[in-house]
Amino acid sequence: MTILEKVKLAANALDEKKAEDIKIIDISEISTIGDYFLIATGDNQRLVHALCNEVEEKLGKEKIIPKNIEGFQNGNWVLMDYEDFIIHIFDKESRNFYNLDRIWKDGKYIEL
């Protein structure tokens, strides 16, 4: 499975759980921290947790395990580091505040 296929699998898991504003950004040519960012929004802390759990479960079934997960306890911004790609799941307020879409605007947006 390619890295992009893994990212799209995660994006589909987020979509199935009703995440909003799902974006995949190819950052491979502008950063060394990974190849892709997957960014999504949940309405509240409970949904952010559910989205994170769904991604971890779906990818885990394919033996794709995160290197690290940060921010789960707080629930306003969860970062899931899968080494080649990073998933950011925000609540609405945090997504607007941190605005990763703008910060990484030089990346290439990938259609879902």
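The values are calculated or read from the model by the stated rules, or taken from the named source; none is laboratory data. Not measured: the values here are computed from a predicted model. Note: ideal-geometry Cβ built from the backbone for every residue, glycine included; neighbour counts use all protein chains shown. Each accessible area value is taken on the protein alone, full model and side chains, heavy atoms only, with ligands, DNA and RNA left out. Shrake-Rupley method; radii C 1.70, N 1.55, O 1.52, S 1.80 Å.
Determine whether segment 35-46 contains at least one residue that is modelled with pLDDT under 95 and among the aliphatic types (A, V, I, L, M). No; the residues of segment 35-46 include none that is modelled with pLDDT under 95 and among the aliphatic types (A, V, I, L, M). Restricting Lys105, Lys61, Lys92 to those that are closer than 20 Å to Glu29 by Cβ and among the basic types (Lys, Arg) reduces the list to Lys105. Hey, does segment 17-32 have a residue that's in contact with an Asp or Glu (Cβ under 6 Å, 6 or more places away or on another chain), modelled with pLDDT of 95 or more and over 24 Å from Thr2 (Cα atoms)? So far as segment 17-32 goes, no, none of its residues is in contact with an Asp or Glu (Cβ under 6 Å, 6 or more places away or on another chain), modelled with pLDDT of 95 or more and over 24 Å from Thr2 (Cα atoms). Of all residues in segment 1-38, those that are open to solvent by 80 Å² or more (accessible area, probe 1.4 Å) and of a type in the set (Ser, Thr, Tyr) total 1. Only strands (runs of 3 or more DSSP E) whose full extent lies in segment 57-112 are considered here, and the ones with at least 1 residues that are modelled with pLDDT of 90 or more and open to solvent by 90 Å² or more (accessible area, probe 1.4 Å) are 68-70, 108-110.
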